[in-house]
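The values are calculated or read from the model by the stated rules, or taken from the named source; none is laboratory data. Remember, predicted model here, so these are calculated numbers, not experimental data. Cβ coordinates were reconstructed from backbone atoms using ideal geometry, including for glycine residues, and neighbour counts include every protein chain displayed. Calculation scope for accessible area: heavy atoms of the full protein, side chains included, ligands and nucleic acids excluded. Shrake-Rupley method; radii C 1.70, N 1.55, O 1.52, S 1.80 Å.
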Amino acid sequence: MSVPVVPAGPYDDLGEPEPREECGVFGVWAPGEDVSKFTYYGLYALQHRGQEAAGIAVGNGDQIVVFKDLGLVSQVFDEQSLDALKGHIAIGHNRYTTAGGNSWENAQPMFRMAPDGTDIALGHNGNLVNHWELTMQAARQGLVDPKTHPSDSLVMCALLAADTREGHSAEEAAMELFPKVNGAFCVVFTDGDSLYAVRDPQGVRPLSIGQLEGGGYVVASETAALDIVGATFVRDVEPGELIVVNADGLRSRRFAPEKRSTCVFEYVYLARPDSVIRGQSVNTTRVTIGRKLAKEAPAEGDLVIPVPESGTPAAVGYAQESGIPFAQGLMKNAYVGRTFIEPSQSIRQLGIRLKLNPLREVIEGKSLVVVDDSIVRGNTQRALIKMLRDAGAAEVHVRIASPPVKWPCFYGIDFASPLELIANNVDQNDPVERIREDIGADSLAYVSAESMIEASGQPAESLCCACFDGHYPLGMPADDPNSELVKTMQAQQAQGSPADPNPLRQPEHQAELAGQAQPPRRSGRACASADELDEFTNPNN
């Protein structure tokens with residue numbers, strides 16, 4: 001029986017979730033090896049990409065067995081469950097909720113049986129723009145019930161399995177399906193015999209190939225997972241490419257031309273610093289951003305301290321460039337994550353102290369330059385600055401290693417609605433100063449978009465910076481309420497006005513603003529009109 005997983009660590013004292021990657025995927029083809037344990041350790045390395053559910057599917061050529069549940073990798077699996085998963089091929093998945101709710105049914109890998117009896121298991125990292133169109137296609141074939149809001153991963157698995165039949169392999173089914181899929185997707189799937197890996201034509205999310213000493217192959221969302229299992233990096237899965245691994249070796253097929261738009265936020269925050277994306281070290285990128293930030297926004301301080309762990313590389317770079325000593329002024333509890341114990345309100349109000357605690361002897365009486373990766377709603381920074389001042393900090397100068405986040409992500413990052421982002425909830429005539437006042441810092445500065453992009457080592461035209469600039473290279477889902485807010489903001493931007501998701505920002509409209517309903521945080525959930533759903537519920541249709 002599944003036990004509800006209560007979010008404890010990823011929230012501050014006002015209930016603000018951190019920006020987070022939605023999923024991590026891992027796959028291995030290695031006859032004679034313990035593929036379930038390889039996958040376990042691969043998922044363990046990718047735990048930061050998804051902490052709500054974990055699962056592994058193992059195939060032996062005859063059948064696929066799937067084991068999955070809500071919780072962290074270490075909570076879902078033990079020695080006994082891993083020993084029961086025998087085969088030569090495995091895929092694994094860590095999940096945060098994207099499309100579909102946080103329930104056991106939405107945990108991955110997904111599983112379907114094809115008409116010819118072939119087992120299909122699939123894991124997906126990303127978010128689809130045409131989720132609803134694919135859902136309706138699957139519903140018309142009787143594969144899913146749209147009223148249950150099936151996840152985009154389940155819809156893809158159902159369509160893939162339905163088209164796998166005698167004389168038409170899973171590989172051919174994939175070559176027909178994925179050109180019709182629009183959005184961000186890194187997919188690993190298996191038919192129990194071959195391992196398949198697919199990456200969307202824009203290459204929004206990373207996906208890499210490694211080779212084991214014994215000759216087997218591994219695919220993973222980040223190169224750090226290859227390192228953990230002892231695989232040697234071979235290359236990235238290219239955008240628009242299908243990789244097939246089986247007894248005949250590794251081969252490649254292209255299902256769409258490359259139109260690269262790699263997510264820049266992978267470099268800024270999401271990926272592990274020991275990962276490499278498109279030949280560029282994530283750690284090097286973050287240190288370089290810190291150096292550039294020190295040049296663009298110098299501060300007078302006694303110490304540079306990071307907000308661990310994601311702010312640490314940028315803080316190192318800032319200290320190196322500015323000459324201000326680097327210090328660890330905040331200690332992070334590495335074991336705060338997800339928990340099966342419901343925290344009481346009084347415990348929850350401890351908030352940020354569950355994650356971070358100041359070293360008073362380091363910061364007392366000091367002027368601090370505090371470096372963090374981003375500001376989303378501002379609650380975390382507000383609580384952090386108060387905590388530092390309570391611990392005796394004389395001044396707190398905040399430096400952010402990314403530009404202001406003003407736009408939602410439709411491609412697989414769980415950001416807030418535009419109405420909830422602090423960069424949109426202040427006077428747009430001088431937003432940085434207003435944010436500084438709101439969070440209580442002595443000074444505040446963000447790195448420029450130009451410096452962030454330059455530090456990534458990638459051409460600007462090959463990056464998706466939508467959460468910073470509002471340009472969506474893959475378009476937006478028609479069924480998402482945030483899409484309408486974004487269109488309003490884009491129209492304002494085109495007219496030369498500040499992009500504001502709420503035109504009622506003027507003081508005389510504040511009462512009306514306070515009573516306005518806000519759209520859901522999450523993007524990408526499939527929804528339908530009453531007429532569309534009636535097509536599947538009215539027996540007269």
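Could you list, in sequence order, the residues of the range 289-336 that are charged (D, E, K, R), within 20 Å of residue 446 (Cβ to Cβ), more than 26 Å from the chain's Cα centre (by Cα) and surrounded by 15 or more Cβ atoms within 10 Å (Cβ to Cβ)?
Result: 321, single match.
Residue 213 fails exactly one of the following numbered conditions: (1) surrounded by 24 or more Cβ atoms within 10 Å (Cβ to Cβ); (2) free of Cβ contacts under 8 Å to residues at least 24 places away in the same chain. What is the number of that condition?
Only one criterion in (1) surrounded by 24 or more Cβ atoms within 10 Å (Cβ to Cβ); (2) free of Cβ contacts under 8 Å to residues at least 24 places away in the same chain is unmet by residue 213, namely (1).
Is there a residue in the range 86-98 that is more than 25 Å from residue 37 (Cβ to Cβ), open to solvent by less than 30 Å² (accessible area, probe 1.4 Å) and of a type in the set (D, E, K, R)?
We begin by selecting, within the range 86-98, every residue more than 25 Å from residue 37 (Cβ to Cβ); these are 97-98.
Right, trim to open to solvent by less than 30 Å² (accessible area, probe 1.4 Å) and you get 97-98.
From what is left, the residues that are of a type in the set (D, E, K, R) are none.
Checked against the condition, which is being more than 25 Å from residue 37 (Cβ to Cβ), open to solvent by less than 30 Å² (accessible area, probe 1.4 Å) and of a type in the set (D, E, K, R), the range 86-98 yields no hits at all.
Determine if the range 103-121 includes at least one residue that is among the acidic types (Asp, Glu), closer than 16 Å to residue 67 by Cβ and under 22 Å from the mean Cα position of the chain (by Cα). Walk me through it before giving the result.
Keep residues of the range 103-121 that are among the acidic types (Asp, Glu), which gives 105, 116, 119.
After this cut, where a residue has to be closer than 16 Å to residue 67 by Cβ as well, the list is 105, 119.
If we keep only those that are under 22 Å from the mean Cα position of the chain (by Cα) as well, we get 105.
Yes.
Looking only at the range 267-288, count every residue that is under 14 Å from residue 458 (Cβ atoms) and open to solvent by 20 Å² or more (accessible area, probe 1.4 Å) and tell me the total.
Of the residues in the range 267-288, 7 are under 14 Å from residue 458 (Cβ atoms) and open to solvent by 20 Å² or more (accessible area, probe 1.4 Å).
Would a scan of the range 464-473 turn up a residue that is over 21 Å from residue 410 (Cα atoms) and within 19 Å of the chain's Cα centre (by Cα)?
Let us first name the residues in the range 464-473 that are over 21 Å from residue 410 (Cα atoms), namely none.
Checked the range 464-473: no residue is over 21 Å from residue 410 (Cα atoms) and within 19 Å of the chain's Cα centre (by Cα).
How many residues are closer than 18 Å to residue 193 by Cβ, assigned to a loop (DSSP other than H, G, I, E, B) and either open to solvent by less than 10 Å² (accessible area, probe 1.4 Å) or without any contact (Cβ under 8 Å) to a residue 60 or more places away in the chain (or both) if we restrict to the range 109-160?
Number of matching residues: 5.
Run residue 240 past the list (1) on the phi < 0 side of the Ramachandran plot; (2) within 22 Å of the chain's Cα centre (by Cα); (3) not hydroxyl-bearing (Ser, Thr, Tyr) and report the number of the one that doesn't hold.
(1)
Look through the range 389-405, keep the residues that are buried (at least 24 other Cβ atoms within 10 Å of the Cβ) and not polar (S, T, N, Q), and return whichever of them is farthest from residue 328 (Cα to Cα).
In the first step, residues of the range 389-405 are kept if they are buried (at least 24 other Cβ atoms within 10 Å of the Cβ); the result is 393, 396, 398-402, 405.
Adding the requirement that they be not polar (S, T, N, Q) leaves 393, 396, 398-401, 405.
Working: 393: 14, 396: 15, 398: 15, 399: 16, 400: 17, 401: 18, 405: 26 Å.
Step by step, filter the range 389-405, then rank; the result is 405.
Keeping to the range 203-220, report how many residues are assigned to a loop (DSSP other than H, G, I, E, B) and over 23 Å from residue 459 (Cβ atoms).
So the first thing to find is which residues in the range 203-220 are assigned to a loop (DSSP other than H, G, I, E, B), and the list is 203-207, 212-216.
Adding the requirement that they be over 23 Å from residue 459 (Cβ atoms) leaves 212-216.
Total meeting the criteria: 5.
Looking only at the range 451-507, count how many residues are in a helix (DSSP H, G or I), among the aliphatic types (A, V, I, L, M) and modelled with pLDDT of 95 or more. Full working, then the answer.
Applying the first criterion (in a helix (DSSP H, G or I)) to the range 451-507 yields 451-456, 460-462, 466-469, 481-494, 507.
Filter again for among the aliphatic types (A, V, I, L, M), leaving 452-453, 455, 460, 466, 485-486, 489, 491, 494.
Within this subset, residues satisfying the condition of being modelled with pLDDT of 95 or more are 452-453, 455, 460, 466.
Of the residues in the range 451-507, 5 are in a helix (DSSP H, G or I), among the aliphatic types (A, V, I, L, M) and modelled with pLDDT of 95 or more.
Strands (runs of 3 or more DSSP E) wholly in the range 25-102 with at least 2 residues that are under 18 Å from residue 221 (Cβ atoms) - which ones? Break it down stepwise before answering.
Numbers: elements: 53-59, 64-70, 89-95.
Passing ranges, in order: 53-59, 89-95.
Pull out all pairs, ordered by first then second residue, where Cβ-Cβ is under 6 Å, the residues are six or more apart or on different chains, the first lies in the range 382-400 and is in contact (Cβ under 8 Å) with a residue 40 or more places away in the chain, and the second is among the aromatic types (Phe, Trp, Tyr).
400/446
Kindly provide the set of residues from the range 248-266 that are open to solvent by 90 Å² or more (accessible area, probe 1.4 Å) and assigned to a loop (DSSP other than H, G, I, E, B), ordered by number.
248, 259
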